[in-house]
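Participant: Provided herewith is a single structure, encoded as structure tokens, for subsequent inquiry.
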Amino acid sequence: MPLSLAPLDRRFVTVLRWRAAVVALVVLLLAGVGEAILYGQDLPNGIAAGLAVLIAIWLVAIAPPRRFAHWGFALDERELHIGHGWLTRVHTIVPIGRVQHIDLTQGPIERGCSVATLVLHTAGTDHSRVTVPGLARDQAEAVRDRIRGAIEASPW
């Protein structure tokens, strides 16, 4: 029976939109510089700006909910499952026994939206840092405490 992944906190869409807005602002500024450079040329004005506005709309309005919809996680007694991606679907399974330490991070946008990122550091070198972004702060703390409790109860 396949494991059902729970969605992230809905407020994570706002975090994604704010991050995208920063990128969109850079795109719009570069387009403005491009328009200023092309102003004196014999080319139609506004092509770079129009394209930049379309990109900005995609980045801020359309892409964040689509990205959010393709994230999920589940925690059982032995493993944490994380799934993300649309074109390339990635399903990561972290055995709780491999977790060495756990971090909870919040940037300023995440703090403002009351979400956090759970970061698991595991034994090994490749892919030894696994993140679950967009969890409600209290949910992230509960998952952290549950994993910590399982680690402390393990016989190692």
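The values are calculated or read from the model by the stated rules, or taken from the named source; none is laboratory data. Since this is a predicted model, take the numbers as computed values, not measurements. Every residue, glycine as well, gets a Cβ built from its backbone with ideal geometry; the counts of neighbours run over all protein chains shown. The accessibility values were calculated without ligands, DNA or RNA, using every heavy atom of the protein model including side chains. Shrake-Rupley method; radii C 1.70, N 1.55, O 1.52, S 1.80 Å.
Participant: Look at residue 59 and say whether it is part of a helix (DSSP H, G or I), open to solvent by 90 Å² or more (accessible area, probe 1.4 Å) and among the aliphatic types (A, V, I, L, M). Spell out the reasoning first.
Facilitator: Values: part of a helix (DSSP H, G or I): yes; open to solvent by 90 Å² or more (accessible area, probe 1.4 Å): no; among the aliphatic types (A, V, I, L, M): yes.
In short, no.
Participant: Another one. From the list 54, 59, exactly one residue is among the hydrophobic types (A, V, I, L, M, F, W, C) and either over 15 Å from the mean Cα position of the chain (by Cα) or over 28 Å from residue 133 (Cα atoms) (or both). Which is it?
Facilitator: The unique qualifying residue is 54.
Participant: Of the conditions (1) of a type outside the set (Asp, Glu); (2) in contact with a strand residue (DSSP E or B) (Cβ under 8 Å, 6 or more places away or on another chain); (3) open to solvent by 20 Å² or more (accessible area, probe 1.4 Å), residue 80 fails just one. Which one is it?
Facilitator: (3)
Participant: Here's something else I'd like to know. Could you say which residue among 134, 97 is more than 21 Å from residue 20 (Cβ to Cβ) and surrounded by 13 or more Cβ atoms within 10 Å (Cβ to Cβ)?
Facilitator: 97
Participant: So which of 70, 81 is in contact (Cβ under 8 Å) with a residue 60 or more places away in the chain and out of contact with any Pro (no Cβ under 9 Å at 6 or more places or on another chain)? Working first, answer last.
Facilitator: Working: 70 fails: in contact (Cβ under 8 Å) with a residue 60 or more places away in the chain.
None of the other options fit; the residue is 81.
Participant: Quick check on residue 8: is it touching a residue at least 40 places away in the same chain (Cβ under 8 Å), closer than 15 Å to residue 134 by Cβ and of a type outside the set (Ser, Thr, Tyr)?
Facilitator: Here the answer is yes, as residue 8 does meet what is asked.
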